[in-house]
Amino acid sequence: MSSPMSASNFLKALKNEGLTVVQVGEWRTHNRNHKGPWGPVHGVMLHHTVTKGTARTVEICRDGYAGLPGPLCHGVIAKDGRVHLVGYGRANHAGLGDDDVLRAVVAEKRLPSDNESNTDGNRHFYGFECENLGDGKDPWPAVQLEAVEKAAAAVCRFHGWDAPSVIGHREWQPGKVDPRGFSMTGMRNRIHDRLK
């Protein structure tokens, strides 16, 4: 069980992993903490945005939209590999998911199938939205996938977690397909190798 790192430590962890970070507005205090607690944190969740164009993607992830206020994640990983920080604290990214999956993440064990939505993921996960249409055709540039690997590894390194603490939204909440276009097993293997 871990308390969330401070915003300053989050920024430092990402930079120490070799990422180019763009700080968007008052990201350190932009959150949904008034809706419930953030923490204890247990892992990192990856998403795709179903958007095109970095500026618009960052704007949506920061501000949200009707029915789902922002921030929609902590960081947006753009096609060029830059990480745009849009919020810190509780964010509207994970929603309700499977408590069995959460237990597996905490124990860093193999994930069971997600077959229920009974646990608040916004409380327990750092979230990164990755700029991609999510249609299975939009490419994932190598520099972006490397940034995904580095961002997840940065959080894991700080907390002393290994790659099984990183999951896709599709592994958490029934009916979700994101991130679509790369293998979560392959990404976890990359993260594990980076953390060695």
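The values are calculated or read from the model by the stated rules, or taken from the named source; none is laboratory data. All values derive from a computational prediction rather than experimental measurement. No Cβ is skipped: glycine too gets one built from the backbone with ideal geometry, and neighbour counts run over all protein chains shown. Surface areas here come from the heavy atoms of the whole protein model, side chains and all, with no ligands, DNA or RNA. Shrake-Rupley method; radii C 1.70, N 1.55, O 1.52, S 1.80 Å.
Structure data summary
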read-out: Residue check for residue 43: surrounded by 13 or more Cβ atoms within 10 Å (Cβ to Cβ), touching a residue at least 40 places away in the same chain (Cβ under 8 Å) and in contact with a strand residue (DSSP E or B) (Cβ under 6 Å, 6 or more places away or on another chain); value: yes
read-out: Restricting the range 9-18 to residues that are in contact (Cβ under 8 Å) with a residue 12 or more places away in the chain and more than 15 Å from the chain's Cα centre (by Cα), the residue that is surrounded by the most Cβ atoms within 10 Å (Cβ to Cβ); value: 17
read-out: Any chance residue 57 is farther than 18 Å from residue 10 by Cα and open to solvent by less than 10 Å² (accessible area, probe 1.4 Å); value: yes
read-out: All positions within the range 114-133 that are farther than 27 Å from residue 39 by Cα and open to solvent by 10 Å² or more (accessible area, probe 1.4 Å); value: 133
read-out: Pick from the range 180-193, criterion without any contact (Cβ under 8 Å) to a residue 60 or more places away in the chain and in contact with a helix residue (DSSP H, G or I) (Cβ under 8 Å, 6 or more places away or on another chain), ranking: farthest from residue 132 (Cα to Cα); value: 192
read-out: Some residue of the range 140-157 being under 26 Å from residue 53 (Cβ atoms), surrounded by fewer than 18 Cβ atoms within 10 Å (Cβ to Cβ) and without any contact (Cβ under 8 Å) to a residue 40 or more places away in the chain; value: yes
read-out: Check on residue 107, open to solvent by 30 Å² or more (accessible area, probe 1.4 Å), within 19 Å of residue 48 (Cβ to Cβ) and without any contact (Cβ under 8 Å) to a residue 12 or more places away in the chain; value: no
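Yes/no matrix, rows are residues, columns are (1) over 17 Å from residue 123 (Cβ atoms); (2) surrounded by fewer than 20 Cβ atoms within 10 Å (Cβ to Cβ); (3) of a type in the set (Gly, Ala, Ser):
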| site | (1), (2), (3) |
| --- | --- |
| 28 | yes, yes, no |
| 34 | no, yes, no |
| 53 | yes, yes, yes |
| 65 | yes, yes, no |
| 72 | no, no, no |
| 75 | yes, no, yes |
| 80 | yes, yes, no |
| 83 | yes, no, no |
